[in-house]
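First comes the structure, then the notes that go with it.
The values are calculated or read from the model by the stated rules, or taken from the named source; none is laboratory data. For clarity, every value in this text was computed on a predicted model and none was experimentally measured. In this analysis, Cβ positions are derived from the backbone assuming ideal geometry, glycine residues included, and neighbour counts consider all displayed protein chains. Heavy atoms of the whole protein, side chains included, go into the accessibility calculation; ligands, DNA and RNA do not. Shrake-Rupley method; radii C 1.70, N 1.55, O 1.52, S 1.80 Å.
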Amino acid sequence: MNNKLYVKLAGNNLKKNKSAFIPFGLSCAMMIAMFYMLSSITGQVTDDMFYGARTMKTVLEIGVRICGIFSVAVIFYTNNFLMKRRTRELGLYSILGMEKKHIRKVLFWESFIVGGFSILAGMAAGILFSKLMFLVLLNLLNLETSFRFLISLAAIKVTVLLFIGIFLIIILYNQIRLFRLKPIDLLNESKAGEKEPKANWFLAAIGFICLGIGYYIAISTKNPIRAINHFFFAVLLVIAGTYSLFISGSIAVLKLLKRQKNFYYHKNHFITVSFMTYRMKQNAAGLANICILSTAVLVVLSSTVSLYSGLENVMRTRYPKDVTAGVLYMPNEDEEENIYDMSLLEKVIDEQCRKYGVEKENPESRYSLSLLIGFQDGSLFPADSQNLSSMKIVEGWVLDDFKRVTDENYTLKQGEVLWFDNFSGGEKQMDLLEIGSFSARVTNKNELSGDIEDYFTEQDYGIDEILLVVPDRETLAELSDAYTEFVYGDNTETVHPVEYSYSFDLNGDLEQKMNFCNSLREVLNNAGIPHVSIVEDIFTTRQEILGIYGSLFFLGIFMGTLFLLTTVLIIYYKQISEGYEDRSRFLILQKVGMSKGEVKKLIHSQILSIFFLPILLAVIHVAFAFPILKRILFMLDLSNVPLFIGCTIGTILIFFLVYGVVYGVTARVYYKLVNE
Amino acid sequence: MALLTVNNLKKVYTTRFGGNKVEALRDVNFSVEEGEYVAIMGESGSGKTTLLNILASVDRPTSGEVLLKGEKTTSVKDAYLAKFRREHLGFVFQDFNLLDNFSVEDNIYLPLVLAGKKYSEMIPKLQVIAKKLGILEILKKYPYEISGGQKQRTAVARALITEPDILLADEPTGALDSRSSDDLLKTFSHIHKDGQTILMVTHSVRAASHADRVLFIKDGEIFHQIYRGTLTNEEMYKKISDSLTILLAGGDLNE
């Protein structure tokens with residue numbers, strides 16, 4: 001036999017099994033296109049493209065690797081499925097007189113054709129759409145779209161080599177598989193009846209308990225940093241629970257239904273319950289995989305989408321004003337008291353504004369001191385890492401600043417403080433506050449409320465806070481020194497100094513604003529202002545965070561698509577492989593007196609439950625994970641809950657839409673198989 | 001009036017491109033009385049499978065009609081066919097056609113469940129039939145756990161539980177060894193004695209020899225028939241064999 005014949009045979013096989021090979025080829029092509037796009041885009045990002053490009057490049061490079069590994073896994077899985085199904089067909093060849101070496105050649109050409117087609121189609125699509133994707137990325141990053149985008153030879157080389165390698169390994173794998181099969185195995189179909197699956201009540205109960213505990217932890221955890229271990233534990237529990245629920249729980253429930261004779265022996269339930277029992281036995285693990293994969297997609301997509309679209313929200317939480325300049329107030333360290341003339345700072349900044357042609361708006365200034373103190377049973381102790389749960393943040397303010405923010409009229413004498421907090425507990429009973437050598441009478445105790453609350457966002461993370469208002473900045477400095485002594489013993493250096501911060505918004509051209517900020521620190525130092533501490537602005541950080549969130553978002557969409565593709569592929573192949581098995585059953589049902597319409601209805605209800613069971617559970621998982629995800633996003637300064645809810649629901653809807661389309665296609669293919 | 005009447009049945013198959021026409025049934029006329037046990041014999045390609053398919057209303061004739069209790073089954077609308085078959089006909093197949101994921105009991109219940117019967121109505125029916133067919137002990141077992149003979153008796157139970165007007169059997173002993181075949185034929189005789197009308201299509205002379213009447217079909221026509229009268233099974237067997245010999249020799253019985 002010559003090669004032409006083998007190629008023809010291989011082509012015929014592909015045509016005959018097109019319901020299996022077309023999805024395989026298409027998904028391979030899609031993965032190749034995605035891999036190429038991602039790697040060529042990563043190659044185009046240069047470090048000097050914009051501020052934060054370096055971080056983005058790192059994120060993208062990780063993405064390329066994940067994408068590659070994932071593609072390999074999926075292609076192998078699918079190939080394995082295809083080969084398993086064709087055992088009988090290959091057996092027929094050997095009966096017809098083909099030797100293994102002949103079959104081997106046919107198999108080689110099959111993989112060659114499919115592989116060649118996918119690589120060509122994938123590369124074509126990749127090259128075609130990579131520029132578009134690049135523009136999308138630039139758009140996400142708010143960058144001008146003037147960057148030139150070239151077809152990347154390096155990326156083409158990497159992609160083509162990688163996937164040729166994958167297909168070669170697949171060809172080799174199939175040959176080995178063929179080599180190990182005996183001719184009689186090739187032809188024998190396992191006709192032996194399957195035992196009815198037994199319900200493992202113990203495992204089912206454990207699954208329920210795991211899920212329950214996992215959910216409980218997810219809901220009840222108030223502080224994800226403190227309970228990060230708990231959180232991972234919860235994730236593991238939910239995964240374990242999902243597996244055991246699908247494997248045993250499903251069968252247990254079906255068995256329970258079967259025992260309800262009046263329910264079971266009903267036209268609409270009889271066949272479904274019985275078929276599903278067997279279905280579950282074969283597919284439980286696959287369905288659990290799909291469930292977990294979908295949960296991952298939903299979580300990743302909804303949180304990256306929220307982070308990206310909530311970027312401004314994040315920036316404003318992190319930087320209430322565009323620019324902040326800070327000076328440390330440490331009268332102990334300096335001999336001259338009068339160098340702390342804070343009006344100098346303002347003057348220099350105004351001058352800087354004139355120089356760059358930008359306008360200062362909404363200036364705000366205050367002294368503040370931030371301390372961490374342990375409180376227990378009415379006594380205070382220095383902060384240490386052992387007793388984090390009894391730690392409270394103590395913030396010190398000066399009365400004038402406080403009055404400006406709240407518009408409330410309090411008066412304080414020396415040796416008196418005001419106390420505001422955000423928690424309830426025994427420490428409230430404290431009338432005399434003593435921190436080391438500092439002591440003061442608490443004259444007023446209140447909840448943190450009104451405008452002032454906006455300055456204390458730590459409570460969102462579940463940390464208790466106390467605001468102490470003292471008469472003047474000198475008292476605040478005394479408190480700072482006393483605290484240093486309290487914690488470190490006799491130490492003359494100020495470790496936790498009082499800080500004076502001056503912040504404002506800027507109006508004007510973005511480039512001028514950036515220049516203003518970049519030179520601000522130097523200008524302040526040159527003007528002779530002592531102890532300049534922080535000089536930060538929203539503009540450079542925004543660009544950097546945009547680089548990270550934008551590329552995360554971009555990757556989230558990419559990965560989400562890849563995961564979704566995989567999920568859909570797994571479920572499609574599962575269904576059609578079952579179609580072959582179920583065919584005889586449906587034929588019998590028709591012979592026994594079921595109409596075509598009834599069979600169609602039955603098939604739809606079965607595929608529907610197989611398809612949507614894992615997704616429904618995934619949505620429930622996401623719903624229970626929501627509180628803890630919300631808190632994690634809070635930590636990343638995203639506090640816009642409606643936005644997060646919207647993004648999550650939107651992601652779920654899109655997921656369902658894609659899923660629904662695949663369901664429709666699968667149901668049609670399955671019905672055709674069964675009714676052939 | 002006869003329970004089943006077949007008038008001038010004709011079935012022509014057209015090959016895919018419309019060229020050749022094959023006459024599977026030319027002109028078939030016969031009737032089956034209530035409570036009768038009829039066997040139809042014929043070679044492969046004689047048209048007996050086509051005939052059975054039309055009787056089972058799986059296939060439609062080109063012309064002619066089938067009357068069951070005076071009702072034209074050939075004009076029942078497609079949508080009602082499944083229901084019609086469920087209510088009036090019982091089927092036994094060569095390869096049993098049991099569902100492997102149902103227990104014996106559930107396999108027998110299947111047609112009743114499809115007909116929407118209540119569980120409480122179904123239990124006594126099953127008990128009666130299972131006892132009659134000697135499968136009481138295996139009701140909870142699954143098809144892969146029982147023998148071929150037991151499988152076929154399960155299939156018979158499934159066919160009878162709806163109390164059909166007529167039991168159609170297609171080579172019921174085809175997949176059974178000779179002992180199981182004898183058992184099954186005895187079972188058929190029993191249920192026939194209880195008044196069940198049976199129409200069986202078979203190759204097997206032994207199977208046919210249990211029937212009241214044997215119809216021979218050849219080239220799409222009823223060619224000959226034998227009545228049992230007072231003959232024993234053995235005499236009947238002899239008579240059928242003789243007829244078949246003449247039939248195979250291609251001669252004419254009336255010569």
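A few remarks follow.
- For region A:567-623, a residue qualifies if it is under 29 Å from B:Ala115 (Cα atoms), open to solvent by less than 10 Å² (accessible area, probe 1.4 Å) and away from every other protein chain (no Cβ under 14 Å), and the qualifying residues are A:Gln575, A:Gly579, A:Ile603, A:Ile607, A:Ile610, A:Phe611.
- Within region A:95-126, the set of residues being at pLDDT below 90, over 18 Å from A:Asn174 (Cα atoms) and assigned to a helix (DSSP H, G or I) comprises A:Ile95 only.
- Just one of the listed residues (A:Phe129, A:Phe134) is open to solvent by less than 10 Å² (accessible area, probe 1.4 Å), of a type in the set (Phe, Trp, Tyr) and under 21 Å from A:Tyr36 (Cα atoms), namely A:Phe134.
- Residue check for A:Thr666: within 22 Å of A:Gly579 (Cα to Cα) and either of a type in the set (S, T, N, Q) or within 16 Å of the chain's Cα centre (by Cα) (or both): yes
- Restricting the first member to region A:248-259 and to residues that are more than 17 Å from A:Ala285 (Cα to Cα), and the second to residues that are among the aromatic types (Phe, Trp, Tyr), the beta-carbon pairs closer than 8 Å and six or more apart or on different chains are A:Leu257/A:Phe263; A:Leu257/A:Tyr264; A:Lys258/A:Tyr264.
- Among all positions in region A:235-250, there is no residue which is surrounded by 22 or more Cβ atoms within 10 Å (Cβ to Cβ) and within 14 Å of chain B (Cβ to nearest Cβ).
- Scan region A:633-676 for residues that are open to solvent by 70 Å² or more (accessible area, probe 1.4 Å) and either under 16 Å from A:Gly560 (Cα atoms) or of a type in the set (S, T, N, Q) (or both) and the total you get is 4.
- Look at region A:596-613: where a residue is in contact (Cβ under 8 Å) with a residue 60 or more places away in the chain and a partner is among the basic types (Lys, Arg), sitting 6+ places away or on another chain with Cβ atoms under 9 Å, you get A:Gln606/A:Arg279; A:Ser609/A:Arg279; A:Ile610/A:Arg279; A:Ile610/A:Lys574.
- Residues that are within 7 Å of another protein chain (Cβ to nearest Cβ), open to solvent by 20 Å² or more (accessible area, probe 1.4 Å) and not aromatic (Phe, Trp, Tyr) within region B:86-105 comprise B:Arg86, B:Asp100, listed in sequence order.
- For region A:1-22, taking the residues that are in contact with a helix residue (DSSP H, G or I) (Cβ under 8 Å, 6 or more places away or on another chain) and more than 29 Å from A:Val665 (Cα to Cα), the one that is most open to solvent (accessible area, probe 1.4 Å) is identified as A:Met1.
- Pick from region B:26-80, criterion among the basic types (Lys, Arg) and in contact with a strand residue (DSSP E or B) (Cβ under 7 Å, 6 or more places away or on another chain), ranking: nearest to B:Val92 (Cα to Cα): B:Lys48
- Residue ID - nearest to B:Asn97 (Cα to Cα), chosen from residues in region B:154-171 that are assigned to a loop (DSSP other than H, G, I, E, B) and more than 13 Å from chain A (Cβ to nearest Cβ): B:Glu171
- For region B:129-140, the tally of residues that are in contact with a helix residue (DSSP H, G or I) (Cβ under 8 Å, 6 or more places away or on another chain), of a type outside the set (A, V, I, L, M, F, W, C) and away from chain A (no Cβ under 12 Å) stands at 2.
- Checked against the criteria, B:Leu126 does not count as open to solvent by less than 30 Å² (accessible area, probe 1.4 Å), at the interface with another protein chain (Cβ under 10 Å from one of its Cβ atoms) and on the phi < 0 side of the Ramachandran plot.
- From the list B:Pro111, B:Pro143, the one residue that fits, being more than 23 Å from B:Glu87 (Cα to Cα) and at the interface with chain A (Cβ under 10 Å from one of its Cβ atoms), is B:Pro143.
- Residue count for region A:429-458, restricted to those that are polar (S, T, N, Q) and either in contact with a Pro (Cβ under 6 Å, 6 or more places away or on another chain) or under 16 Å from A:Leu371 (Cβ atoms) (or both): 2.
- Out of A:Ala240, A:Ala205, sole residue that is touching a residue at least 24 places away in the same chain (Cβ under 8 Å) and either within 30 Å of A:Met594 (Cα to Cα) or in a helix (DSSP H, G or I) (or both): A:Ala240
- The single condition among (1) farther than 22 Å from A:Glu364 by Cα; (2) within 28 Å of the chain's Cα centre (by Cα) that A:Thr540 does not satisfy is (1).
- Residue satisfying condition, being surrounded by fewer than 18 Cβ atoms within 10 Å (Cβ to Cβ) and either touching a helix residue (DSSP H, G or I) at 6+ places or on another chain (Cβ under 7 Å) or more than 30 Å from A:Asp341 (Cα to Cα) (or both), within set A:Leu524, A:Leu552, A:Leu510: A:Leu510
- Against the test of being of a type outside the set (Gly, Ala, Ser), within 12 Å of chain A (Cβ to nearest Cβ), open to solvent by 10 Å² or more (accessible area, probe 1.4 Å) and not in a helix (DSSP H, G or I), the options B:Lys117, B:Lys151 yield a single qualifying residue, B:Lys117.
- Any hit, region A:20-33, residues being part of a helix (DSSP H, G or I) and at pLDDT below 85: yes
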